[in-house]
1. Identify, by number, the condition in (1) assigned to a helix (DSSP H, G or I); (2) surrounded by 13 or more Cβ atoms within 10 Å (Cβ to Cβ) that Q55 doesn't meet.
2. Of the residues in segment 99-115, how many are touching a strand residue (DSSP E or B) at 6+ places or on another chain (Cβ under 7 Å) and in a helix (DSSP H, G or I)?
3. Could you check, for segment 76-89, whether at least one of its residues is of a type in the set (F, W, Y) and more than 15 Å from G41 (Cβ to Cβ)?
Amino acid sequence: MKKIFGALAAALLLGGCDTDSSPQYSLAGGEKGVFTSRNPGTPIPADRIKGMDEQQLATTFGSAALDRKDGPARVLRYQSDACTLFVSLYRRDGTVWKVEFADAYDTHLRPLPADQCAGSVAAQRRRVA
């Protein structure tokens, strides 16, 4: 009886363990992301994204999933099946919003090259409403 109870207790303890071996990630973790997309599109170089205005962004990436304005800064978030692309825009001298830089992260929030993610977002762009 003790053997059965001991085996049952061990099974219950092991059964409650998390068997998911995938590590947990954070934006500050420093690990490189993994880019895997059903429709990766063609990479768009970050220097081509830099300087785009709102109309060019909408034409290239569709409508943003998030649009946050904070003083002279604005951040747009775009999504694809493989990544999230954050595009930061600034208004200079009260003029048109222009892209200063873009950051990309995989689905586990690990950093990716922005060009790969931008290509994927463009290939899967959300339609502007």
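1. (2)
2. 1
3. yes
For every residue, the table says whether it meets (1) among the aromatic types (F, W, Y); (2) modelled with pLDDT under 85; (3) in contact with a Leu (Cβ under 6 Å, 6 or more places away or on another chain).
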| position | (1), (2), (3) |
| --- | --- |
| G16 | no, yes, no |
| F35 | yes, yes, yes |
| T42 | no, no, no |
| Q55 | no, no, no |
| T60 | no, no, no |
| L66 | no, no, no |
| Y78 | yes, no, yes |
| C83 | no, no, yes |
| D93 | no, yes, no |
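The values are calculated or read from the model by the stated rules, or taken from the named source; none is laboratory data. Since the structure is predicted, the reported quantities are computational estimates derived from the model, not experimental observations. In this analysis, Cβ positions are derived from the backbone assuming ideal geometry, glycine residues included, and neighbour counts consider all displayed protein chains.
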